[in-house]
Every structure is written in structure tokens, then in C-alpha cells.
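Nothing in this text is a laboratory measurement; each read-out follows from the coordinates by a stated rule. Nothing here was measured: the structure is a model prediction, and the numbers come from that model. So basically every Cβ, Gly included, is an ideal-geometry build from the backbone, and we count neighbours across all protein chains shown.
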Amino acid sequence: MNRPRGMPVLRSRVLTSIRRHVPFAAVAVVALVAAPLLLEPFRLGLLAKYLCYAIVALGIGLAWGKGGMLTLGQGVFFGLGGYSMAMYLKLTEAEGGLPDFMGWSGVEELPALWAPFANPVFALGMAVLGPVLLAVVLGTLVFRQRVRGAYFAILTQALAAAMVILLVGQQGLTGGTNGMTNFFELFGQDLADDSTQRGLYLVVASVLGLLYLGTRQLVESRYGRLLVAVRDGEDRVRFLGYDPALVKTVTFALSAGMAGLAGALFVPVVGIISPALLGIVPSLELVVAVAVGGRHALAGAVLGAVVMGYAKTAFSEQFADGWLYLQGALFILVMTLAPKGIAGLVGRLRNARAA
Amino acid sequence: MRIPRPLVSAMLLLALTACGTDAESAAQSNEIKVGLLHSLSGTMAISEVTVRDAELLAIDEINKAGGVLGKKLVPVVEDGASDWPTFAEKATKLIRQDKVAAVFGGWTSASRKAMLPVFERHKALLWYPVQYEGLESSPYIFYTGATTNQQIIPGLDYLREQGKKRLFLVGSDYVFPRTANKIIKAYAAANGMEILGEEYTPLGHTEYSTLVNKVTQARPDAVFNTLNGDSNVAFFKQLKSAGATAESMPVLSVSIAEEEVTGIGVDNIAGHPVAWNYYQTTETPANEAFVQAYKAKYGQDKVTSDPMEAGYNAVYLWAEAVRKAGTTEVEAVRKAAPGIALERPEGLVTIDGENQHLYKTARIGVIQPDGLIKQVWDSGEPIKPDPYLKGYPWAAGLAGAK
Amino acid sequence: MLELRDVTVEFDGFRALDGVDLTVPEGELRFLIGPNGAGKTTLIDVITGLTRPAAGSVRFGGHDLVGRKEHQIVRLGVGRTFQTSVVFEELTVIENLDLAAGFRSPLWSLARRRKGVSEAVAEALARTGLEELAERSAGVLSHGQRQWLEIGMLLAQRPRLLLLDEPVAGMSKDERARTGELLTEIARDHTVVVVEHDMEFLRRHASTVTVLHEGKVLVEGSVEQVGADPRVQEVYLGRRKAEDVVGNRP
Amino acid sequence: MPAFVNQLPIGLSIGAVLLLIALGLTFTFGQMGVINMAHGSFIMAGAYTAYLIGDLLLALPAAFLVAGLMGLVLERAAIRHLYARPLDTLLLAWGVSLVLQQLARDLFGAPNVQVPAPAWLAGGIGILPYNRLFIMALAVAGVVAVWAYLTRTGLGRRTQAVVQNRRLAATSGIDTGRVDMLTFFIGSGLAGVAGVAVTLIGPVGPALGEVYIVDAFLVVVAGGLGQLRGAVLAAVGLGLLNSYAEFWSDASLAKVIVFAVIIAFLQIRPQGMFVLRSRVLT
């Protein structure tokens, strides 16, 4: 291999680094500038919703694509984040009184669990830390016992089921099946206002962009290499002196934190959080989206979430029944014919052209 | 200049997302768009599709009779997908993009609660067709199903008249059963009835042997059942095989209508009472026409039920309000609506000006071996809607915050 | 340095190891041989924490190893390779080595991208002669190269005790020779235990040999002593042919 | 009889239902390492077969065949290409179940259908109705049949051989493809039988599979690597736990308790959950 020496090395490195960032910058410009200008507020709101899902997908891409942990309970973390945010919003609205749903659930004074959520810093912190803590506890328990693969997948799925039952059962605390809705303002901004929604969109898009950059950095770091090594040979990694359980727990916690943050953003954007958003099916749908986009590439995961979110809306506007068929069929096709998803197909295309 | 490919794809994606951005140029002047928003997929589709069908029937009939204000009604149908946030999203779409004059939709309380802020925010109209737990009266919602004093309380009156004093409460774990049971407990306390137990199961629960054991051990005079959907099937099957009969222990249900009976199995439920405002067998001239028209349009084997009738009524009531207002403009319609009284399949209904609910006649029926429901009791006259139960001294303190 | 006392391992009533005593002093190159099922790999598994003994003690450099987790034992300075080499195919050779060298640094410091080549990695590259292939992904390596990479990863860990499980199985003659050289070189400044079947390889490189048979230590001594022992010839050499077949399993 | 004594047979009967719905899943998982997320849809297919046939006893073999053939087609058409990727199989099967669910909705309509229980199952002994006893008998019969198949028939022994060493089995002349096919056929068929059984106690509708699938999975997880013994123990244990947890709290809390107990159980006995072979690492 002939490497150019001296200055050219530096220049080529700078060039590569710029080239590496061009696609990202281009997408960022479209997302941050073009979309808010071109899209009608209702559609922009939908896009913001997809981007929230994309944040969750990014976490799934990290945990599943890079770390091999198929998590079917990501909705749980999304929900924890969403509920934290919703509690804050409800409390600011109640202005010292009780949130509306507690009234019709027969709760007469504010539960102690709720009180600290009046503080926005605490609420936002819990939106991320809550999921992280749960993931750390669960991860420590199961990974330490070397529960993995399909067992892990099923356990996370059961967690989603249990979580939904718990939330529904604690109606006085959580709003039950209804969840929480009817939010008016966030940090003094009227949520019904189009400019607030546009601002929220920009926040969501920026958060997604930053998280994407951060996650990509992480994946390309030695930690990322270690994660791939754990995915491909967990037992071997043990004999390299690492504790795979720790590596997996940290990764799982990161992905949980991302899902939590996404949930917190989702609530003001969409205006509702309910158990239906974090059960088995929504959790699986996000995994499907990641698979369709391409689990091995972070960008694929993000793309998948946006495409599938859009497809779902479009389909249910055209013919509702078809959606399940399409989703199922798409999934079967991707799994059998293109396990690397859209990202894999794009990569193959690029290679074919280069060759 | 070469445009980077990712940029192109991002733009394409954006273009896709933007599709439909241009609302089809404002509705032609001889049409009025109305939204129908029910779950057409998912677990609630079973129930909601029939309500949508009844609403479509009403739109058809109104159009055949010349429409409203000389314009044809054009339904825009959306799927709530049994998912509450989707209801909110689709409601926004119907209002903002399709610019419909009114939306008829929802079934579960959760879907209504999710849509409520959307309608209030956009000052648009929702017509909600299902009996519910009360404690609500939004200025932008018209409630055409029963509130608690038109269904739960008459049901209790009936049980009391029958001498059933010891009750067991069984319900799915969500807001309607919990609120209903709170009212039942207050009623029981005021009327010398005894509540032997109160049990909730998760939505979709199907293993009822433990619950049946609890119920049969308690030996109540009657069971008040607020279970929802599939759970009813499992509950009645398992109750029957445990040897309980409608004679020894009637189960009064408030969420089982004609269409659910087939799925539960007539054998398992025949003889048990239900509480509604309307049955397919209700004897009014308007009902004869409604049942006939419905069967003609959707098939002779189809049945009609209370929520379907309430959805069907909703379209007529709204059309009447529009006629009276002379416009589809929301505030004018709201002002015109109070006092509108129509003879409907369930009898005379009147829109209450205060809370936008309907005056309705309560009816208790018993499920017959042919799957239909025979009325055995009624309230005699339409009951004034009282969502906050202000007219019932024993219910003071139940209404919660408001 | 390494001291096993009365180690017994049972699998479903079958005694894979039955009261094994083994002492390996610092700096020694020890060969572990025995027919298939003799318990050689099990012995290594016990030392490295993969298998828990039913009885007995394993001590290394003053630490009791029994009950410790695999990665903790590695951190004490015990490294091993596997019969079937497991390298991370999606990573490059240098990344594999870097990973092996990195366990001592705290987890958070891993969050940075690898910059340059650390000393340990450079040394491992040089010793195994894989410099040319440093940037290639490990997936494209030949069987022999993989084994060297495994040994390289082991070296990059900088362990005090190296346990090699059949390092030359399935290698060509040239590759065996090179591995042998590598081994002799490593043995100069490390304590090494090698499980091996290949007699020629054994004769050429071994100093002390322990023969295991049916879970027990049969003989221990120099190659000549062991080779001359009639019991060994009976249990081991008599079955050598079958052994080779199994040993060559990919 | 005091109510809590009644909960014992009730727990056993819940366990029987769990065992029956998990039996096929355990079988395919134990023999092939495939988590069949479409298992719920095969249960649904069995239930609809019972609906179409109308006679319980005739429906049992018919549902076994129908669901079995569906499983066979799934295995041949898709799953066999994915054996190296068990997690992908799991998701693929989920995609299949989505399609099957919608198909059922289009074929039979969204509302629940009625499957009349035969008259000879009316009544019962003590707290247990005959239909519960019938399900218990069916579960026992299923377990015995699977056990006998695996240990007493040539085909079953061949299946075992493939499980223990696929390559060796192939080289010694066993057509592993055929064994896989057969295994999937039987596992799915058992789901069909379970589907017929649950028509006795629960609703029959397009979403039927979703109701049971999570419980079935939990039995498999708690039971350990597709072991028949483990599944029986886990099903009975979870049944009793469910019964008493619900008796002393309520149905919602009972489900959460069951999940917590399973996690705790995995802390004590993860051994049932994995097998580590030292010479060849994953």
C-alpha cells in the first residue's frame, strides 16, 4: 500500500472528514431549513412525530444493530420519558391543583410520586434517567446471568406487556388506558400555536441530529468495536478481559435513555401519552422500522423510522386494512431477501457502481 | 454542480411527506364535507365499523332527501386504528386539511379524551355516539349516547326493583368501569344495597376462572358487569360452565349489545339483562324504518345496536342544527342545537342546551335465545342528561374536581 | 505460579477431571497431552473460569481463581486461546489486537476513537508477523493467520500466563514451523501451557510434558521421559491416529 | 369448600391451558431453536377450524392438520433460509402473523365468532367444569404424545439426533431438512390443537393469537431450553402462581407479579437458559 506522505496525508484526511460529513450536513439543511418552510403545520407535526420515533430507532440501531440485543420493549422506555414529561405538563396546567384525570379517578390529593415532577429540570431529568435506571437494573439482572438472544427479546417483550398492565391499573396515578392528554403550554408557550409547534420540530430535529452524531462517534470509537465484538462473540470477549454484561448494560441503558428522551419530546409534539403507545405492538413496529431501514447502519435505522412512519400515515389515509398486509409483507420480504434493509440495498448499489 | 445523493433522497422524502399538503381546493360549493373517525383496524374495529356504517347510512338518507341547505354531504372516512393518539392525529387532519364541517367519531372514552383538546383548540365539532362515564361536557362535543344517569342508575333502579340487593362488581380496568363502580357504590350505600366485591381485569383478559370462583363464592344476588370487548366472551363462557345461571345470579351488562351476543354465544348469555337506550326490537315507527334500511344496505343478517343508533342519530341531529342555523359554521350550529327534538328509533330525543347531551329513555332488556334483546323495563320518559350527577344528592362528592 | 490441587469436575455424573494436581512454575513452557476426552481442555476451562470445579483449588500468583468470573481471571493475567479460533471478523486485525490490549483502560476512555497504535499492539503485530495485514478485516484471514492473530491478541493482553489450546491444529507444515518459532520466542519471557496432539511439534518444542488420561495425571516429565513411559505409549500413542482426525476438526 | 382451596384446581387448569398453548412452541424451540412468533396465529387458525367444523372432536385432528400445514409452508418457504439468524426468524414470523391476522379478519369478519361447546361438556365436578377437565386431559395427552414421539419412534429419535448434532446427523444419513419440516409441522399442529381447546373458554376472533402468545413465551422462558419437562413444570407453576396471585390481589397485579417472579427465577436458575460449549464458542 502506497501512502502519500507528509502534508498530503493531512489534506486527504481533512477532505475525507469533510466528505464524510457532507451527506449529514445536506440532510440537516433539508430537515432544519427546508422542511419548516415548505411543510404545512399539520404535516410538519407529523414529521416531528416520525423524528421522535427516529430517535428511538437510533437507540434500537445501537442496541440491536451494533450490540445484537434485540429489544422488543423499547416502548417501555419511550413511555417512561413520555409520562415524565406529561406529568410536568399536567402539573404546570393544574397550577397547584390536581390534574384533570385525577378528579374523575377519585384521587383527592396529589400523590407524593407526582410532586417533584412540577420541576421541569427534574421531569426532564427523569425522562432520561428513569429509563436509564430501569435499563441498568434489568440489564444487570439479565445480562449478568447471560440471558441473551431470543430469551432477552422475549423478556423485554414481557416487560412491555407488564408495563402496560401496570400503567392501566394505576389509573389514579397514570390516567389508566386514557393516558394523559389535554396539554396547553410548555415553558409558557402555547402548544396549540403553530410557531410553538415549529419550534418543537426544530428542537426534535436538532436533538436527533446531535444524538446521531454522538452515536456515530461512539460506534466508531473503541467502545463501538468492543460492542460489535460482544455481538459476534460474547464469550470470546470475556477472555479478552472485558465484562460483556457491563458493555451490554451500558449500551442498553444508552438506547433506553434515547427512547426516554424521544418520549419526552413526543408528548408536547403529539399532545398525548397513553399505554397504547408503549405496548408490544408499537415496540415491535419500531424494530420493524429499523429492520426495514437497515439495522447495521445507524442512518438506516433513522431512515426506516421516518419511512415507516410516513407509510403508516399514508396507508391509513388511503386504505386502512391494507396497512397490516403491507407491514407484514414488507417485513417478510426484508427479512428473507434484504436482511440489511434499505441501507444494505443502497450500499450494494453504490458498490456495484464503484466496481 | 453535482448534488449529493443523500440530499436528493432527503428532498424526495420531504416531498413525499408533503404530499397532500395542498388541501384539495376548498370544497366545491355544493358539497359539505363531514368526517367519520372510527377504528377500522385493531381491537376496536369490531364495534366501531358498524357505527361508521350506521353514520354512512344516515348520510345517504339525508342526501337522498335533498341534502342539507341544498348541499350534499360528503363523508371523509379516517381510521383511528384503536389507538388514541391516532384519533387525535386524524382529528387534526380532518379539521385542518379536509376542513370538515363536523366529525362523527370515537367509541372508547380514551379516544374521546384524546380528541377533546384537538376539537377545543380548533373550535371544531365532534359528535360522540357511545354511552360513557360522564363527568365531562366539552362545548365542542355533542354526546348522543347515554351518560351515567341514563344507563347505570336506571340499571341499578331495575335491580333494586327486582329485589337484588347484594351485588358483585366486575369490570375491565379502565376509566368507564371504575367511574361506573364508584357511582354504583354510592348508590348502594344510599339505597341499602350491599357490594360484595369489586374486581377489575386487564383489557383483553381471557382467564376468568379465578374471578368466577370469587364471584360464586360471594353468592351475590346479581353481578354488575362493565367488562369490555373480548373479555365478555371469556367471562360468560367460564361463568356458564361454572354452573351459574341467569335465574340464580343475573349479570347486568352495560357494554354488551346485539352484535356482541353472537361472539359470546347465545347459549352462554341468554336470559341475562343488559341496560341501554335502544334495542333492535324497540317498537317505534322510526326504528322499523331504520332496521329495514340498515339491513337493506348491509345485509339481512346484520343487527342494529344502541351505539349504531346513536351514531345514526348524531348525523340527523347535526343536520337539523345546520338547517336551523342556516350555516355549517360551528358557533352558529352550537347555538342552534339546544332544544332540537327529533323522533328517533329510540323515541324522542332532545338536545340539552346546558351540557350538549341528549334526553334519552333508559331501557333494560333481556337477551333472548335468538340473540336479540327484549325490553323488560323502561324509564317511561326521556331522562334529562346529568353527566355530573348534580341532581342526585347521594352522588355529591363523586364528580371530582369539577 | 499456577497451582492446581485435587481438581475434580463432573458433568452429569461423568468425571471429566478426577483429582488433578498440577504445578507450573514461572517461566516454564509446559505441554499438556493426552487422548481425546482426557480432560485437557476441561483443565484449561477450569483455570480460566469457564467451568467450575466440583472440588479442589486453583491458585495463580497468590490468588484463588475458583469462583471468579472469566474476565476477572483475565485481569489477573491469565490469557487463553481456543481450539476453534474466534476472532472478530467484522473488525480489522489491528482493531482485534487493540481490543485485546484495551481491557485495562476504563470503560469511559473507550468512548474515544482509536488513535495510532499502542505499544502492546505494535509488539503483538511484530511478533506474529501480521503487520502487512494490519488494516485488513479479520474475516479474510486464512486459518493459520487467524491462529496467529489469536496468539497476537493474547500477547497484546500482556498476560503472565498463556494457555494455548491446540495452536497448530489444522495448520500446514510451514505454518506449524512458524508457530513453533513464535512459541519458543514467547516462552522466553512468558509462562506458557500448551495443549497439543502433534507429536512432532511436541518433540521439537516441548521441555516439560504432563500427560492426562481419563481425568487424571498419568505422567509428568521431560519429553524423553514421557515418551519412554510404557503407559503413555499404551494410552496415547496407540490411539494417535484417531486423535489426529479429531484434532484436525476445523 | 373455602375459596382458596378451590384455587388449587383452578391453578392447575390455568396451567393446563398454558401448557397446551406453549407445548408446540416449546417443541419447535427445543428441537430447532426457532422462536415462532407466528405461533399465536396458528392457535387462531386452530380455533377457526373448530368454528368451521363445528364438532369439537373432529376439529382436533383437523386443526392439527391445518395449523401443521401452515407451519410446514412457513418453514419451507421462509424459515429454513434463516436458521443461522434466530432473531430474524422471530421477527419474520411476527410479520407472518400480522398478515394471517388480517387475513382472518377479511375471511371471517372482525367480530368474534361463536363455537358452540358440545353438550357432553356441560356440567362439571366440584369447582372444575368438564371443559376445563377436558383441556387438562388434552394437555396431558399432548405431553405424553410428544414424549412418546421423541423417545419411542424412529422419527423422533432422528429428531433428537439432529438436535444434538446437526452435522453428525446429516453425515450419518439423516435428511435434516425433512426432520426440520416435520418438527415444524408437529409444533404448529400442536398450536392448532390448543386453538380448538381455547374455543371452550375464550373468544374466537382475529386477535385470538395475541391474547395467548406472551403467556406461551413466558412458559418457554421459565421452562428452559425447550425442555418438555421444564415446560410442564413452568406451566403448572405459573398457573398456580397466577391463580393465587389473582386470588389475593387482582388480575392486573397478578400479571405483573408473574413477570417479576420470572425475572427473579432467572436470577436463581439461569442454567436452564443457556448451554455453553467451551471448545466452540458462539
For region D:80-125, state what percent of all Cα-Cα pairs lands in each successive 10 Å bin, counting from 0 Å until the bin that includes the largest distance. 21, 25, 21, 22, 11
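Please work out the FRET efficiency for the pair C:Arg113 and C:Glu200, using the Cβ-Cβ distance as r and a Förster radius of 30 Å; give the result to the nearest 0.05.
Details: r = 45 Å, r/R0 = 1.51.
My answer for the efficiency is 0.10.
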Each residue of region A:207-215 in order: what ³J(HN,Hα) in whole Hz does its phi give by Karplus 6.51 cos²θ - 1.76 cosθ + 1.60, θ = phi - 60°, with x for Gly and Pro? 4, 4, x, 5, 5, 4, 4, x, 5
Could you give P(r) for region C:115-171, binned at 5 Å from zero, as whole percent values over all Cα-Cα pairs? 4, 19, 29, 25, 16, 6, 1, 0
Packing-wise, with mean Cβ within 10 Å as the measure, how do D:251-263, B:249-261, A:21-33, D:12-24 rank, highest first? D:12-24, B:249-261, D:251-263, A:21-33
Please give every one of the lysines within straight-line cross-link reach of B:Lys71, meaning a C-alpha to C-alpha distance under 22 Å, and leave out same-chain neighbours fewer than 8 residues apart. B:Lys33, B:Lys99, B:Lys324, B:Lys335
Mean separation of Cα contacts under 8 Å (6+ apart) over length of region A:36-276, as relative contact order %: 43
Roughly how many nanometres apart are two label points built 7 Å out from the Cα toward the Cβ at A:Leu113 and D:Arg167? 5.3
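Taking every residue in C:86-92, how many Cβ atoms of other protein chains lie within 10 Å of its Cβ, on average?
Details: counts 10, 4, 11, 3, 6, 6, 1.
Average neighbour count from other chains, rounded to a whole number: 6.
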Packing rank of C:157-170, C:129-142, where each peptide gets the mean count of other beta carbons within 10 Å, highest leading: C:157-170, C:129-142
Radius of gyration, Dmax [the protein assembly as shown; alpha carbons; angstrom]: 34.3, 116
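Would you list C:Thr92, C:Thr81 from fewest to most Cβ contacts within 10 Å?
Details: C:Thr92 18, C:Thr81 24.
Final ranking by Cβ density, sparse to dense: C:Thr92, C:Thr81.
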Rg and Dmax of region A:67-164 over Cα atoms: what are they, in angstrom? 16.4, 48
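Which whole-number percent of Cα pairs in chain B have a distance greater than 30 Å?
Numbers: 33234 of 80601 pairs.
Looking at chain B, the distances longer than 30 Å represent 41 percent of pairs.
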With the contact rule set at Cα under 8 Å and sequence spacing of 6 or more, what percent relative contact order holds for chain B? 17
Taking only Cα atoms of region A:146-188, radius of gyration then Dmax in Å: 15.8, 48
Neighbour counts of other C-beta atoms within 10 Å: give me A:Thr181, D:Thr171 arranged from fewest to most. D:Thr171, A:Thr181
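Using only Cα atoms, figure out Rg for region D:75-171 and give it as a multiple of 2.2 N^0.38 Å.
On the way: Rg = 20.2 Å, N = 97, 2.2 N^0.38 = 12.5 Å.
In units of the globular-protein estimate, region D:75-171 measures up at 1.61.
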Kirkwood hydrodynamic radius of region D:15-213 from all distinct Cα pairs, in Å? 17.1
Mind checking the angle between helix A:322-337 and chain A's longest principal axis? C-alpha axes, 0 to 90 degrees, to the nearest 10. 30
So what is log10(I(q)/I(0)) for region C:145-189 at q = 0.16, 0.23, 0.32, 0.34 1/Å, when the Debye sum runs over its Cα atoms only? -0.39, -0.82, -1.40, -1.46
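What net charge do the residues around A:Met335 carry, taking every other residue with its C-beta under 9 Å from that of A:Met335, with Lys and Arg at +1 and Asp and Glu at -1?
0
For region C:1-122, what is the convex hull volume of the alpha-carbon atoms per residue, in Å³? Each step should come with its number before you reach the end.
Values: hull volume 18.4 nm³, N = 122.
Normalising the Cα hull of region C:1-122 by residue number yields 151 Å³.
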Can you pull the mean other chain C-beta count within 10 Å for peptide D:188-197? 0
Nearest 0.05, what FRET efficiency do C:His63 and C:Asp12 give at R0 = 30 Å with Cβ-Cβ as r? 0.50
Over region A:86-168, relative contact order from alpha-carbon pairs under 8 Å, at least 6 apart, %: 21
D (Stokes-Einstein, µm²/s), Kirkwood Cα radius, region B:92-131, 0.890 mPa s at 25 °C: 239
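Please report, largest first and rounded to whole Å, the three semi-axes of the ellipsoid equivalent to chain A, where each semi-axis is the square root of five times an eigenvalue of the C-alpha gyration tensor.
Details: eigenvalues 245, 124, 86 Å².
Working through the eigenvalues yields semi-axes of 35, 25, 21 Å.
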What ³J(HN,Hα) values, in whole Hz, does the Karplus curve 6.51 cos²θ - 1.76 cosθ + 1.60 give for region B:279-288 when θ = phi - 60°, with x put for Gly and Pro? 10, 4, 8, 4, 8, 9, x, 5, 6, 3
Can you give the angle from 0 to 90° between the axis of helix B:209-218 and the longest principal axis of chain B, with both taken from C-alpha atoms, to the nearest 10? 40
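Ordered by packing density, taken as the mean number of other Cβ atoms within 10 Å over each peptide's residues, highest first, how do B:69-75, B:46-52, A:305-311 rank? Kindly include the intermediate steps, with their values, before the conclusion.
Values: B:69-75: 16.3, B:46-52: 24.7, A:305-311: 22.3.
Top to bottom by mean Cβ count within 10 Å: B:46-52, A:305-311, B:69-75.
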Can you give me the Cα centroid spacing of region B:344-402 and region B:163-220 in angstrom? 21
Label B:Ala65 and D:Thr153 with points 7 Å out from Cα along Cα→Cβ: what is the distance between them in nm? 6.7
What span do the alpha-carbon atoms of region B:252-355 cover on each of the three principal axes, reported in whole Å from largest to smallest? 51, 31, 22
Please compute the Kirkwood hydrodynamic radius over region A:226-355, one decimal place, Å, based on all pairs of different Cα atoms. 17.0
Note the angle between two axes, namely the Cα long axis of helix A:7-29 and the longest principal axis of the Cα atoms of chain A, as a number of degrees from 0 to 90, rounded to the nearest 10. 30
If you average the alpha carbon positions of region B:260-290 and of region A:160-231, how far apart do those two centres end up, in angstrom? 46
Test of understanding: given chain A, find the longest segment containing no GluC sites (Glu not before Pro) that are in a DSSP loop and have at most 10 other Cβ atoms within 10 Å. A:110-355
Result: in chain C the number of Lys pairs with C-alpha under 22 Å apart, spaced 8 or more or on different chains, is 5
Ignoring everything except DSSP H segments at least 4 long, calculate the 222 nm mean residue ellipticity for chain D; use -39,500 (n - 2.57) per segment, divide by total residues, nearest 500. -25000 deg cm²/dmol
The lysines whose Cα lies under 23 Å from the Cα of A:Lys340, excluding any fewer than 8 residues away in the same chain, are A:Lys66, A:Lys248, A:Lys312
Give or take rounding to whole Å, what are the principal axis extents of the alpha carbon atoms in region C:129-212, in descending order? 39, 28, 20
Exposure proxy check: B:Glu133, C:Glu224 ranked by fewest other beta carbons within 10 Å? C:Glu224, B:Glu133
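Stokes-Einstein at 4 °C, 1.567 mPa s, Kirkwood radius from Cα pairs: D for region C:2-247 in µm² s⁻¹? Walk me through the numbers before you get to the answer.
Numbers: Rh = 18.6 Å.
Taking Rh from Cα pairs, D becomes 70 µm²/s.
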Rounded Å value of the spacing that divides the Cα centres of region D:147-201 and region B:52-98: 53
